[in-house]
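These notes are about the structure you will find just below.
The values are calculated or read from the model by the stated rules, or taken from the named source; none is laboratory data. The structure presented is a predicted model; accordingly, all values stated were derived computationally and were not measured. Reconstructed Cβ throughout: ideal geometry from the backbone, glycine too, with neighbour counts over all protein chains shown.
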Amino acid sequence: VEQTFIMIKPDGVQRGLIAEIISRFEKKGFTLRAMRLMTVDKSFAETHYQDLSSKPFFAGLVSYIMSGPVVAMVWEGKNVIATGRLLIGATNPAQSAPGTIRGDLAIDIGRNVIHGSDSAESAKAEINLWFPEGDKMSDSMRDVRSIPYIARGLRKG
Ligand code: GTP
Ligand code: MG
């Protein structure tokens, strides 16, 4: 099954949009596989956006991503990379369609609340960068079911 890396950027966290954004991916039918609230340093932010290092907005982008905690997530499901980008909307919120996350929740290209991987290659690289522990924490529901008293409860319910 396909997986993608999704990050709620510092403005999304500061504005109280975590639940709203997660809800859109859940309601679409995708499965949350890993999630962590974290603040990144300069070298980590530069690595994440290394493909954009020659752009004039690169320094501003890096300081934006470092400016507060972000929610890093792995989402799974059929075509989640491309469909996740559709849910997110165009890079510039001035052009994002209403109904998309950026179209509904953002105004400025430099404060566009969410990141999503743009290809299978970048999804793989970004998941490895943000979740280097990999499989050890990725399948959280299977982990829950392996705890005997919770597994009994799930069987009864
Ligand atoms: P991400 O999901 O964050 O990677 O956005 P994207 O894939 O839609 O766009 P891209 O990877 O090209 O750019 C990464 C981020 O850089 C964008 O989300 C913006 O926050 C920022 N960015 C891109 N283009 C511009 C620009 O022209 N000006 C400014 N100020 N920021 C930009
Ligand atoms: Mg991008």
Scanning the stretch 78-113 for residues that are more than 12 Å from ASP11 (Cα to Cα), within 15 Å of ligand 2 (Cβ to nearest atom) and touching a residue at least 24 places away in the same chain (Cβ under 8 Å) gives ILE81, GLY84, ARG85, LEU87, ILE88, ILE101
So in the stretch 43-77, with the set limited to residues that are among the charged types (D, E, K, R) and surrounded by 12 or more Cβ atoms within 10 Å (Cβ to Cβ), which one is farthest from LYS9 (Cα to Cα)?
GLU76
Looking only at the stretch 97-122, filter to residues that are within 9 Å of ligand 1 (Cβ to nearest atom) and of a type in the set (Ser, Thr, Tyr); which one of those is surrounded by the fewest Cβ atoms within 10 Å (Cβ to Cβ)?
SER122
Given the structure, is MET35 within 16 Å of ligand 2 (Cβ to nearest atom) and within 11 Å of the chain's Cα centre (by Cα)?
no
Filter result for SER96 (closer than 21 Å to ARG24 by Cβ and either modelled with pLDDT of 95 or more or not hydroxyl-bearing (Ser, Thr, Tyr) (or both))
yes
Considering only helices (runs of 4 or more DSSP H) wholly within the stretch 1-76, the ones with at least 3 residues that are without any contact (Cβ under 8 Å) to a residue 60 or more places away in the chain are 18-28, 42-48, 58-65
